[in-house]
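First comes the structure, then the notes that go with it.
The values are calculated or read from the model by the stated rules, or taken from the named source; none is laboratory data. Keep in mind it's a predicted model, so treat the numbers as computed, not measured. All Cβ positions, even for glycine, are placed from backbone atoms using ideal geometry, and neighbour counts span all protein chains on display.
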Amino acid sequence: MPLHPDRCFDPDPAQRQIARQLYQAVAGLPLICPHGHVDPSLFTTPSASLGTPASLIVIPDHYIFRMLYSQGISLESLGIPTQDGTPTEADPRRIWQLFGDHFYLFRGTPTGMWLTYELETVFGVSEKLDSRSALRIYDQIAAQMAAPDFAPRALFERFNIEVLCTTDAATDTLESHQAIRASGWQGRILPTFRPDAVVNIDFPGWRANIDRLSEVSGITIHNYLSFVRALEQRRVFFKAMGASATDHAALTPYTGRLGHAETEAIFNRALHGEASTDDAILFTGHMLIEMARMSSEDGLVMQLHVGSLRNHNPQLGTRFGRDMGADIPIQTEFTRNLKPLLDEFGANPHLTLILFTLDETTYARELAPLAGHYPILRLGPPWWFHDSFNGMNRYFDQVMETAGLYNTVGFNDDTRAFPSIPARHDLWRRAACNWLARGVVMGLWEDSDAAEMATDCAYNLAKRAYRL
Amino acid sequence: MPLHPDRCFDPDPAQRQIARQLYQAVAGLPLICPHGHVDPSLFTTPSASLGTPASLIVIPDHYIFRMLYSQGISLESLGIPTQDGTPTEADPRRIWQLFGDHFYLFRGTPTGMWLTYELETVFGVSEKLDSRSALRIYDQIAAQMAAPDFAPRALFERFNIEVLCTTDAATDTLESHQAIRASGWQGRILPTFRPDAVVNIDFPGWRANIDRLSEVSGITIHNYLSFVRALEQRRVFFKAMGASATDHAALTPYTGRLGHAETEAIFNRALHGEASTDDAILFTGHMLIEMARMSSEDGLVMQLHVGSLRNHNPQLGTRFGRDMGADIPIQTEFTRNLKPLLDEFGANPHLTLILFTLDETTYARELAPLAGHYPILRLGPPWWFHDSFNGMNRYFDQVMETAGLYNTVGFNDDTRAFPSIPARHDLWRRAACNWLARGVVMGLWEDSDAAEMATDCAYNLAKRAYRL
Amino acid sequence: MPLHPDRCFDPDPAQRQIARQLYQAVAGLPLICPHGHVDPSLFTTPSASLGTPASLIVIPDHYIFRMLYSQGISLESLGIPTQDGTPTEADPRRIWQLFGDHFYLFRGTPTGMWLTYELETVFGVSEKLDSRSALRIYDQIAAQMAAPDFAPRALFERFNIEVLCTTDAATDTLESHQAIRASGWQGRILPTFRPDAVVNIDFPGWRANIDRLSEVSGITIHNYLSFVRALEQRRVFFKAMGASATDHAALTPYTGRLGHAETEAIFNRALHGEASTDDAILFTGHMLIEMARMSSEDGLVMQLHVGSLRNHNPQLGTRFGRDMGADIPIQTEFTRNLKPLLDEFGANPHLTLILFTLDETTYARELAPLAGHYPILRLGPPWWFHDSFNGMNRYFDQVMETAGLYNTVGFNDDTRAFPSIPARHDLWRRAACNWLARGVVMGLWEDSDAAEMATDCAYNLAKRAYRL
């Protein structure tokens, strides 16, 4: 079935008419992608390939295989590679058939909507994916992917992406980014400094990561001070490579300054593999303030993603590793946790701190009041499970009246799935225009304001907040 | 006033038209009632009577008398029996008049909607209940209830109930169920194994319940192992009597394995009346995992209802006993609490665990992500206070995008009030069809998908999940 | 742009038509203002002035300047007075221009909607406020404010306010209230007893407040018992001055009875400046029960506002003082915290306790079930950040089905900004009528019921609950 031209627009004809007008004015704006997880190596050469339909769409997407797994389909049968190299399904056509057999599971999910859009607008497939059509659709996609205009660079240009930010470990030497620059290709792909693996002392493999950080920074890390210097060195490098932002993940937004002696002691214990769970919490809380301090000095916009209990399913973790769709949100508290950071930097004129939550109860209760007060704070768009049509509506409903639109930052697609990027922005733009249209027809704002707000949602807010 | 034929359908004509079509296709499907509290003794003989309008509708329904009590009407004046036998109002006509005087309090409540439906479609009363009409309506209902086609069995058939599951203590000998079977009547009424009163060692009367469990199981319970054997014996019995599920209530979903020595020690303290509050929490958390283990072996579907602080009003508890409308929800945490159980059984192919919550903040944050990942998990419908039109809409809005429809289980009426069953299913079916119609008109799914999803919501999901 | 005549009404024509009818029937009802922060001294003489547009609208309104501050505009440049007397911007025209330059920040916020209404209906300004129009609008407002029919008393009458309750410290001698009464003016302005500054022993300046309480009560406070006597004396005085209610703020709704010795010991420590943080928590929890006891005796309706972490921004607090838009909500728990108070007074026939929350997750989970059971409890309207169109819709959606309309108390404008009062009531009345219209067109209640419910929402519920 072809895509519904008015999808996501309210049934009411008056609202729909205004939504359509607002949308038509922003649908063609370039895409600003300030936060995501696309692999930059896709863009190092013009001839890079996206692989097979299975390896492009199913195998790397934990949104897809978590749902199949939840209905009893093994990850092995979907070709997810194991940690120990035990072979799993290798035939992409069988994987795709299994996916097609169960695509009905995605009815009403954002994954279903994104994929339907991607199949139709990227690959020209308007047939419905099911058991019977699966292999026919496979062949159609595979044929397209072989063509040069489906190389990542060609798609980047076709997608009208103005800037795409990746997410990169603090120890990353950004070779793909260097190669892109060296190639002369004009696509703007920027790194983002993500230091969790060296900043969170309970991160798996932390000790080895520190050695790696010493190596790439050229600063031998033997204590906390040298650790901070190494981080600062990497930030200089990332900034030189075009980075405009950092990104930080933590279980909670706890922040708190440690005294110098205590910081050194914890770091020393960590170096010797003797740090406790409490040490890790205290250290992360301290480092978030330090990262705010560094951002206030070097101008890198700071992002904070909190509230996900990672790798909830230990059997899956052992067999398949991290990021296997088994990260589950927890309750989150911002008002008290962020206070120490805000006490120091809440009104700093050089700092921007963008907050992301998986706990929607914090939208109206904590985040909107905080962002509607502190100059450094901005609210990121609905994240992860909430990056969906209903999730966006809850965000508009619960955030905007108190925070105001101008304390938000537009959209992040936050995806690993490069060809799904247009689908995700399209959903956001439609949802925003529909929300704005409702305000017009209900007299909450003027239509001229709505037109400006639509452009802000689709383009300006992200570009400004991320200093792109 | 007669029932509005399009009640619960959105005002938008396009959506309403589709909702009506979807509804008409499912309105006549048989009712699957996999969880509820109807008294099976109603069905042991063809001539059982429903009593008076007051004893049928007002006195047993804590949804009704809690609201009247909240406005200063005493439970005594409503004929609620006291624990110590102090007499309360005995005249059903006076009780009914008092109810009619205050029926305006139920405007916009699900109780009000259910009762309006029940009065019109079961008893043929389309007059509005108020002070003036109360006794006239009383007489009309009473006259009908005296007729043979208002006997419970006749209503069961008229209601088109395909299967009705009751909720029964682990110590119950299921005599009513046996009598129903022995009678040759074909109505399918099945027991459900609810062992809280013997599993939660802080349950009032626990020690006596254990004696009773010894007696009915034929296994003398002198330690933890014999306790487990007795439970297993009861499960065999319940299964032989047709049970397809168990049900477990706890204040929180805390789970955690205890070692054998610790389990025995706690159980022994409990037998001697020396168990602490912590013992009770630990033991319940251990037994939930044990119950999952048993279900993974015998195939009984496991239900878990958590988050209600029971008997919040001690004065009412002392005078009238349990279940007097004074159970108040608390915040609930699933992500960490369920982890130990899921670590062991999260992907067990024989187990289904259906979760119910009174804390709607867990829908999008915890439950939908969990159910959208773990193979054993399914989400029960909106429960108790949230079994309402708005409650259902919040559930559809917050659960479906992440969990997917196929990790939910359709509807439970969960009622003691037998004649309200059709009203409750009708509200669910209308709410589901209205939600599905919105998706069609907004292009979120196709109309052919919506038709299937409507049948799934109304019938298939419950039947499949409960293995009926 | 002139105000949209159908603002806040749903786009659907059928719903809008009914909403309009319901609204027209209640739009002219007198305003009941049972809780707010208007300065009573405005009304002591007929010739009182409202000052300049800046001092009337911008400088005292933390809703406005928090948003400007959040976008980097200093409070100094807005003329907010400092604690130490450092001069700040003194030219009201420059302040107003800055406000106009940034008025776009308030798009979609309740502040924006209130101000637009106020400008048009109070001051006759229908031009949109922006950089270019700012000074023109300033002059227009200033000219009007100089006229006698813009004196506060004249506006009070024009606004059709039936009763306006202020909020007054327990130590207040209510001289403005006395002057209003002595003046012979018939406007009904009543005090409300707010004892936080003497009841919460961690309140800044508590010791001095106690001395003041001794002074005004004529009872030397040297221990807990004399403290209680002094409070009772003040309540008698407030009641004699027309008060119908008390108001209590606390960080959490924790309640708990202390024994007499413990109460005396804590109070004694507080008198000597030796009370701990725990002492303060315990004492507040005890005093809430004592306040309930006093209200059950003197009939003053008790209000409880909880969940705001006050003065979150210490830099702002030091420079500008309290109530500077830096109060941030926290998670709140009612079910367990209120139990001790409810155990004693939950069914007391003389007491009404009205609860307010900033944590909307408690609406459906805790507050509606509590208010739908306990006779003393009523739910206040959406408070502070949630006093907005969407906030009201969430309240109607999440509260009414379980609590029932008749366990709620209509509207509070809760404002310091006197000329914004009609705007706030208008928004509530529109939101309520739109919600009620939806119920009519969806068959959830009858149109005759909706008409009564609209009047109840707009007028009766507040008047009854506050015993006005």
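For the reader, a short list of remarks on this structure follows.
- Hits in region B:187-223 - residues which are in a helix (DSSP H, G or I) and among the polar types (S, T, N, Q): B:N209, B:S214, B:S217
- Any hit, region B:406-419, residues being part of a helix (DSSP H, G or I), more than 9 Å from every other protein chain (Cβ to nearest Cβ) and within 15 Å of the chain's Cα centre (by Cα): yes
- Of residues in region A:104-123 being of a type in the set (S, T, Y) and more than 18 Å from B:N407 (Cβ to Cβ), the one surrounded by the most Cβ atoms within 10 Å (Cβ to Cβ): A:T116
- Residue list for region B:1-16, filter: part of a helix (DSSP H, G or I) and touching a residue at least 12 places away in the same chain (Cβ under 8 Å): B:A14, B:Q15, B:R16
- Only one of B:A48, B:A54 that is of a type in the set (G, A, S), under 24 Å from the mean Cα position of the chain (by Cα) and over 20 Å from B:Y104 (Cβ atoms): B:A48
- Test result for A:I32, in a strand (DSSP E or B) and in the same structural domain as A:D414 (by TED's automatic domain parsing): yes
- Meets criteria (more than 30 Å from B:Q15 (Cα to Cα), loosely packed, with under 15 Cβ neighbours inside 10 Å and in the same structural domain as C:I354 (by TED's automatic domain parsing)) for C:D39: yes
- Residue tally, condition assigned to a loop (DSSP other than H, G, I, E, B) and either at pLDDT below 95 or among the polar types (S, T, N, Q) (or both), over region B:166-183: 4
- Counting only residues that are exposed (fewer than 15 other Cβ atoms within 10 Å of the Cβ), in contact (Cβ under 8 Å) with a residue 60 or more places away in the chain and either in contact with a helix residue (DSSP H, G or I) (Cβ under 8 Å, 6 or more places away or on another chain) or of a type in the set (A, V, I, L, M) (or both), region B:171-203 holds 0 of them.
- Subset of region B:307-352 [among the small types (G, A, S) and within 11 Å of chain A (Cβ to nearest Cβ)]: B:G346, B:A347
- Residue in region B:411-425 that is over 20 Å from B:P110 (Cβ atoms) and either in contact with a helix residue (DSSP H, G or I) (Cβ under 7 Å, 6 or more places away or on another chain) or in contact (Cβ under 8 Å) with a residue 60 or more places away in the chain (or both) present: no
Yes or no, residue by residue, for (1) of a type outside the set (S, T, Y); (2) crowded, with 23+ Cβ neighbours inside 10 Å:
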site: A:H312; (1), (2): yes, yes
site: A:N337; (1), (2): yes, no
site: A:L355; (1), (2): yes, yes
site: A:L358; (1), (2): yes, yes
site: A:R365; (1), (2): yes, yes
site: A:L370; (1), (2): yes, yes
site: A:I376; (1), (2): yes, yes
site: A:R394; (1), (2): yes, no
site: A:T408; (1), (2): no, yes
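- Test: residue in region C:316-328 that is over 22 Å from the mean Cα position of the chain (by Cα) and of a type in the set (S, T, N, Q): yes
- With respect to the conditions (1) in contact (Cβ under 8 Å) with a residue 12 or more places away in the chain; (2) over 21 Å from the mean Cα position of the chain (by Cα), A:G85 falls short on a single one, namely (1).
- Candidates B:L282, B:L304, filtered to the one that is surrounded by 23 or more Cβ atoms within 10 Å (Cβ to Cβ) and not aromatic (F, W, Y): B:L304
Conditions tested, residue by residue: (1) of a type in the set (S, T, Y); (2) assigned to a helix (DSSP H, G or I).
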| residue | (1), (2) |
| --- | --- |
| C:V399 | no, yes |
| C:P422 | no, yes |
| C:A437 | no, yes |
| C:G443 | no, no |
| C:T455 | yes, yes |
| C:N460 | no, yes |
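- Residues of region B:232-262 that turn out to be touching a helix residue (DSSP H, G or I) at 6+ places or on another chain (Cβ under 7 Å) and either hydrophobic (A, V, I, L, M, F, W, C) or under 18 Å from B:A197 (Cβ atoms) (or both), as a count: 10
- Test: B:I161 is closer than 12 Å to B:G100 by Cβ and touching a Pro at 6+ places or on another chain (Cβ under 9 Å): no
- Test: C:L22 is more than 14 Å from chain A (Cβ to nearest Cβ), more than 27 Å from C:Q303 (Cα to Cα) and part of a loop (DSSP other than H, G, I, E, B): no
- When residues in region C:226-271 are screened for being of a type in the set (S, T, N, Q) and in a helix (DSSP H, G or I), 4 of them pass.
- Test: residue in region C:246-260 that is within 24 Å of C:G36 (Cα to Cα), within 14 Å of chain A (Cβ to nearest Cβ) and hydrophobic (A, V, I, L, M, F, W, C): yes
- Residue within region B:383-395 that is among the aromatic types (F, W, Y), within 23 Å of A:M113 (Cα to Cα) and facing another protein chain (nearest Cβ under 7 Å) present: no
- Residue pairs meeting the criteria (Cβ under 9 Å; at least 6 apart or on separate chains; first within 13 Å of A:G299 (Cβ to Cβ), in region A:228-253; second aliphatic (A, V, I, L, M) and in a helix (DSSP H, G or I)): A:R235/A:M294; A:T246/A:M291; A:T246/A:M294
- Criterion (in contact (Cβ under 8 Å) with a residue 12 or more places away in the chain, among the acidic types (D, E) and either under 18 Å from A:F203 (Cβ atoms) or not assigned by TED's automatic domain parsing to the domain that holds A:C165 (or both)) met by exactly one of A:D327, A:D359: A:D327
- Meets criteria (modelled with pLDDT of 95 or more and in the same structural domain as B:F418 (by TED's automatic domain parsing)) for B:T116: no
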